[in-house]
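Contents: one structure, followed by commentary.
The values are calculated or read from the model by the stated rules, or taken from the named source; none is laboratory data. Quantities reported herein were computed from a predicted structural model and do not represent experimental measurements. Backbone-built Cβ (ideal geometry, glycine too); neighbour counts: all protein chains shown. Just the protein is used for accessible areas: all its heavy atoms, side chains included, with ligands, DNA and RNA removed. Shrake-Rupley method; radii C 1.70, N 1.55, O 1.52, S 1.80 Å.
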Amino acid sequence: MNRPQQITVLGATGSIGLSTLDVIARHPDRYQAFALTGYSRLAELLALCIKHRPQVAVVPDERAASQLQADLRAAGLNTEVLVGEEGLCQVSSAPEVDSVMAAIVGAAGLRPTLAAVNAGKKILLANKEALVMTGDLFMQAVRRSGSVLLPIDSEHNAIFQCLPRDFSRGLGNVGVRRILLTASGGPFRETPLAELEHVTPDQACAHPNWSMGRKISVDSASMMNKGLELIEACWLFDARPEQVEVVIHPQSVIHSLVDYVDGSVLAQLGNPDMRTPIANALAWPERIDSGVAPLDLFAVARLDFQRPDEQRFPCLRLAREAAMAGNSAPAMLNAANEVAVAAFLDGRIRYPQIARIIEDVLNSEPVVAVDELEAVFAADSKARMLAEQWLSRNG
Ligand code: NAD
Ligand code: MG
């Protein structure tokens, strides 16, 4: 029998990380966790190490490392503990590793994900921010290293499943007219606009259909998540922004669709549970049990669709504009959004100010070319600094 595939789970303590480990544990003959990484909630990381027995764990600093090392020893494990971004890059590119689940949230996941790409690993990409920031450079690195890139975002995984195998020949050449990206519309789809001034972080994080980390939950409420996904789709499927249409579908049962020139529209459906796209990408091109219950269409009963309202969701417009502008614009959009969302979650700003910060940051800087990684990091830092200045002026 073949040895189980060795999987590094970046962001193992997060929502995607935990779902990934759930699927891995269902198939011990096929998969084995090689490395688990965590940034906070280190007691949970310890419990995950005891359960999944990885070779390596990665924590943010030396203090956390000595604590975890001592706890692991006490539990009878000799897991190696590595530290910081260097440790993350090491477990992403280690020769023993077959696949890397990139599930760190935000720009912090960029370097480790790129390390996995450059080492030619199979990449299960949840960390959409990494691709949004670096777009072309990321895709060039994938082509150069020959690494297999599989989308975990449920929409992109759905599109991937609805496209023909040879879609990289170009969407036009495989008969695709457009991609329809579905969105639930989040918790504020019908909230009166005037009330949005007063919504709280907990309300923003109470997603009607999905249980996720707090940053992506706020992004879903503002629909910045869909904006980032639009940019993500353009890079993954070599589409132009105008070939991607966003459709609000409140039930979150259709995860996205592909519209072909002959009038066929293919969709992927399923219960809203990230274990489906995770299992799909882990086993691709095979299929394995994910633990997700079968879809009960009689219980779903109906599927609704609406056009998104950009007055309600200005972040969607800002992301589309950044997608059209390209170059440094997506990295700046992402960085300003990360600062604004963190400030909202900390109670420093009101919800509508998230979009205002991003728009002001984008308007105050010209778009510049980003033909190397350093230029992406410069755009990211510049946008963070401008967003912080906005906060000190208005906070
Ligand atoms: P989460 O907040 O639940 O987990 C984030 C993980 O990243 C945790 O393990 C945390 O310890 C780690 N982390 C945070 N900051 C870090 C840092 N500075 N350095 C190293 N590690 C750090 O988030 P999530 O919901 O699991 O989302 C993870 C990624 O997957 C995001 O990019 C998100 O957009 C994407 N995604 C999530 C879902 C979902 O359903 N949760 C769906 C689609 C895409
Ligand atoms: Mg998604």
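Yes or no: residue 77 in contact with a strand residue (DSSP E or B) (Cβ under 9 Å, 6 or more places away or on another chain), among the hydrophobic types (A, V, I, L, M, F, W, C) and not assigned by TED's automatic domain parsing to the domain that holds residue 216?
The answer is no for residue 77.
Among the residues of segment 19-31, are any away from ligand 1 (no atom under 16 Å from the Cβ), under 26 Å from the mean Cα position of the chain (by Cα) and among the small types (Gly, Ala, Ser)?
Yes, because at least one residue in segment 19-31 is away from ligand 1 (no atom under 16 Å from the Cβ), under 26 Å from the mean Cα position of the chain (by Cα) and among the small types (Gly, Ala, Ser).
Which of the residues spanning segment 161-178 are touching a helix residue (DSSP H, G or I) at 6+ places or on another chain (Cβ under 6 Å) and touching a residue at least 40 places away in the same chain (Cβ under 8 Å)?
167, 178
Suppose we filter segment 48-62 for residues that are open to solvent by less than 10 Å² (accessible area, probe 1.4 Å) and outside any strand (DSSP E or B); how many remain?
Qualifying residue count, segment 48-62: 2.
Report, by residue number, each residue of segment 126-157 that is under 13 Å from residue 102 (Cβ atoms), in a helix (DSSP H, G or I) and of a type in the set (D, E, K, R).
Those that are under 13 Å from residue 102 (Cβ atoms), in a helix (DSSP H, G or I) and of a type in the set (D, E, K, R): 128, 129.
Which condition number does residue 302 fail, the rest of (1) in contact (Cβ under 8 Å) with a residue 60 or more places away in the chain; (2) open to solvent by 10 Å² or more (accessible area, probe 1.4 Å) being met?
Evaluating residue 302 over (1) in contact (Cβ under 8 Å) with a residue 60 or more places away in the chain; (2) open to solvent by 10 Å² or more (accessible area, probe 1.4 Å) leaves (1) as the failure.
Does residue 177 satisfy being more than 14 Å from ligand 1 (Cβ to nearest atom) and open to solvent by 40 Å² or more (accessible area, probe 1.4 Å)?
Yes; evaluated as a whole, the condition is true for this residue.
Kindly evaluate residue 168 against the criterion of being surrounded by 18 or more Cβ atoms within 10 Å (Cβ to Cβ) and either under 16 Å from residue 278 (Cβ atoms) or more than 16 Å from ligand 2 (Cβ to nearest atom) (or both).
no
Please pick out the residue among 364, 381 that is of a type outside the set (D, E, K, R), at pLDDT 95 or above, more than 18 Å from residue 325 (Cα to Cα) and out of contact with any Asp or Glu (no Cβ under 7 Å at 6 or more places or on another chain).
Residue meeting the stated conditions: 381.
Could you run through segment 231-260 and say how many residues are in contact with a helix residue (DSSP H, G or I) (Cβ under 9 Å, 6 or more places away or on another chain) and in a loop (DSSP other than H, G, I, E, B)?
Residues in segment 231-260 being in contact with a helix residue (DSSP H, G or I) (Cβ under 9 Å, 6 or more places away or on another chain) and in a loop (DSSP other than H, G, I, E, B): 6 in total.
Restricting to segment 151-165, what's the tally of residues that are surrounded by fewer than 21 Cβ atoms within 10 Å (Cβ to Cβ) and of a type in the set (A, V, I, L, M)?
1
Listed here are the residues, each with its yes/no results for (1) farther than 24 Å from residue 181 by Cα; (2) surrounded by 17 or more Cβ atoms within 10 Å (Cβ to Cβ).
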residue: 309; (1), (2): no, no
residue: 320; (1), (2): no, yes
residue: 325; (1), (2): no, no
residue: 336; (1), (2): no, yes
residue: 339; (1), (2): yes, yes
residue: 346; (1), (2): yes, no
residue: 356; (1), (2): yes, no
residue: 371; (1), (2): yes, no
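Given the conditions (1) within 16 Å of ligand 2 (Cβ to nearest atom); (2) open to solvent by 70 Å² or more (accessible area, probe 1.4 Å), and given that residue 74 satisfies all but one, which numbered condition is not satisfied?
Here residue 74 meets the rest and fails (1).
Condition first: within 20 Å of the chain's Cα centre (by Cα) and surrounded by fewer than 23 Cβ atoms within 10 Å (Cβ to Cβ). Now tell me which residues in segment 277-289 satisfy that.
283, 284
So, residue 108, is that one away from ligand 1 (no atom under 16 Å from the Cβ) and at pLDDT 95 or above or not?
In short, no.
Which condition number in (1) touching a helix residue (DSSP H, G or I) at 6+ places or on another chain (Cβ under 6 Å); (2) more than 21 Å from residue 186 (Cα to Cα); (3) of a type in the set (A, V, I, L, M, F, W, C) is the one that residue 228 fails?
All conditions are met except number (2).
Within the group 323, 336, 343, which residue is in contact with a strand residue (DSSP E or B) (Cβ under 9 Å, 6 or more places away or on another chain), farther than 30 Å from residue 22 by Cβ and either part of a helix (DSSP H, G or I) or at pLDDT 95 or above (or both)?
Answer to the check: 323.
Could you please tell me which pairs satisfy a Cβ distance under 9 Å, a separation of 6+ or placement on different chains, a first residue in segment 203-219 that is farther than 13 Å from residue 347 by Cα and touching a residue at least 60 places away in the same chain (Cβ under 8 Å), and a second residue that is near ligand 1 (Cβ under 9 Å from one of its atoms) and aromatic (Phe, Trp, Tyr)?
216/210
Looking at 256, 252, 217, which is the one that is within 16 Å of ligand 2 (Cβ to nearest atom), under 20 Å from residue 168 (Cα atoms), among the small types (Gly, Ala, Ser) and open to solvent by less than 20 Å² (accessible area, probe 1.4 Å)?
256
Take residue 115 and tell me if it is closer than 17 Å to residue 35 by Cβ, assigned to a helix (DSSP H, G or I) and of a type in the set (Gly, Ala, Ser).
Yes; evaluated as a whole, the condition is true for this residue.
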